Amino acid sequence: MPKITVSTLAKMKLEQKKITALTAYDASFAKLFHDNGIDIVLVGDSLGMVLQGGDDTLAVTTDEIAYHTRCVRAGSKDLFVVADMPFMSYANPQQSCENAAKLMRAGANMVKVEGGEWLHESIQALTQQGIPVCGHLGLTPQSVHVFGGFKIQGREQEQADKMVADAQALERAGAQLLVIECIPSALAKRITEEVNIPVIGIGAGKDTDGQILVMHDLVGISAGYIPKFSKNYLAESGNMPDAVKNYCSDVKSGAFPTSEHEFN
Ligand code: KIV
C-alpha cells in the first residue's frame, strides 16, 4: 500500500475517495490493519476503556499513549499514525508542544486534540513547531462529565451552528484532519462540506470523508454491547483479515454506515 501522508488525505477528500481508519494499540494489529487496507490508525485514549477497563478515558496519560504509539509504529513503518493527546495534556500551548513532542518521538505522524475554537493558540503553536494536528468535535469523550454521560451532541440548532464554527476555527488554526463523533448525520454532512480538511466520522453517518471505529467494536468485544454506530465485521467475515478488508471495502463503496448506524 502506498504511504499515506497529510497530502494524500487532502487529495482523497478532493477526489471524494473515502478514508478508512481504525484504532490500534499494538504492533500485531497495526500490521494487520496496514496489510488489509486501513489508511489511518489512531492510538486512541479509548485504550483507557478497551485495554485498561476504565469507565471513561480520563485516567490515560501521555506516557501510556507514547508507549502504545511505539508499539503501533513497530508494527508498520509506513502506517499513518495519529496519537491521541490525553485529558489535560494540552491545556496551553507550551504543555501541548511538550506532550505532543513525546508522541511524535514515539512514532506518531499527527496528534489529536478534543475541542473547538479555544484550542486556536495550541494548534497554531503545534503546527508552527512541525506537529500536524487532528481536531475532534461532537461527543468528545474527555468532556463526558460536562455532557452528563456519553450522549449524542449537536441536536439543538445553536449547538450545531457552534460546532460548524468550531470546525472552521480548527481549520483556520492549522488542523489538517478532523474527527466528528456521535452527531446527527445532517450536521456531519454540513461540517464536511464547510471545511476543506478531511473529516472522519464515527457515529456521524455516511457523508463524511471517511470512517473510524474502535477496533474492539469491529470485532464485537467491546465492554458488554456493540454501539449503534458500529458493526461486528468479525462475526460476518469469520477471520480478522477479512473483517478488516470487508470494513474497508464497505467504507470505500459507501455500504457502511447505513441508516441503522446513524443518529438524527
Ligand atoms: O480514543 C478514540 O478511540 C477516539 C475515537 C473514538 C475516534 O477518539
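The values are calculated or read from the model by the stated rules, or taken from the named source; none is laboratory data. The model shown is predicted, which means the values in this text are computed figures rather than measured ones. As a convention, Cβ positions derive from the backbone with ideal geometry for all residues, glycine included, and neighbour counts pool all protein chains shown. Note: areas computed on protein heavy atoms with side chains; ligands, DNA, RNA excluded. Shrake-Rupley method; radii C 1.70, N 1.55, O 1.52, S 1.80 Å.
Numbers below:
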quantity: Enumeration of residues in the stretch 120-157 that are assigned to a helix (DSSP H, G or I), in contact with a helix residue (DSSP H, G or I) (Cβ under 8 Å, 6 or more places away or on another chain) and of a type outside the set (Ser, Thr, Tyr); calculated: HIS120, GLU121, ILE123, GLN124, ALA125, LEU126
quantity: Members of the stretch 222-241 found to be touching a residue at least 40 places away in the same chain (Cβ under 8 Å) and under 21 Å from HIS34 (Cβ atoms), listed by number; calculated: MET240, PRO241
quantity: Members of the stretch 89-118 that are under 24 Å from PHE147 (Cβ atoms), within 15 Å of the ligand (Cβ to nearest atom) and hydrophobic (A, V, I, L, M, F, W, C); calculated: VAL111, VAL113
quantity: Every pair of residues 6+ apart whose Cβ atoms lie under 9 Å, when the first sits in the stretch 249-264 and is free of Cβ contacts under 8 Å to residues at least 60 places away in the same chain while the second is in a helix (DSSP H, G or I) and charged (D, E, K, R); calculated: PHE256/ASP250; PRO257/ASP250
quantity: Breaking point among (1) modelled with pLDDT of 95 or more; (2) within 14 Å of the ligand (Cβ to nearest atom), for ALA167; calculated: (2)
quantity: Selection count, the stretch 127-177, where residues are surrounded by fewer than 20 Cβ atoms within 10 Å (Cβ to Cβ), within 18 Å of GLY201 (Cβ to Cβ) and β-branched (Val, Ile, Thr); calculated: 2
quantity: Any pair with Cβ under 6 angstrom, 6 or more apart, that starts in the stretch 26-45 at a residue that is on the phi < 0 side of the Ramachandran plot and ends at one that is acidic (Asp, Glu) and within 14 Å of the ligand (Cβ to nearest atom); calculated: GLY44/ASP84; ASP45/ASP84
quantity: Qualifying positions in the stretch 238-247 - of a type in the set (A, V, I, L, M, F, W, C) and open to solvent by 10 Å² or more (accessible area, probe 1.4 Å); calculated: MET240
quantity: Test: residue in the stretch 22-33 that is within 16 Å of the ligand (Cβ to nearest atom), more than 20 Å from VAL113 (Cβ to Cβ) and β-branched (Val, Ile, Thr); calculated: no
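Per-residue answers, yes or no, for (1) buried (at least 18 other Cβ atoms within 10 Å of the Cβ); (2) among the basic types (Lys, Arg); (3) modelled with pLDDT of 95 or more; (4) touching a helix residue (DSSP H, G or I) at 6+ places or on another chain (Cβ under 8 Å):
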site: LEU187; (1), (2), (3), (4): yes, no, yes, yes
site: THR192; (1), (2), (3), (4): yes, no, yes, no
site: VAL195; (1), (2), (3), (4): yes, no, yes, yes
site: PRO198; (1), (2), (3), (4): yes, no, yes, yes
site: GLY201; (1), (2), (3), (4): yes, no, yes, yes
site: LEU213; (1), (2), (3), (4): yes, no, yes, yes
site: HIS216; (1), (2), (3), (4): yes, no, yes, yes
site: LYS228; (1), (2), (3), (4): no, yes, no, yes
site: TYR233; (1), (2), (3), (4): yes, no, yes, yes
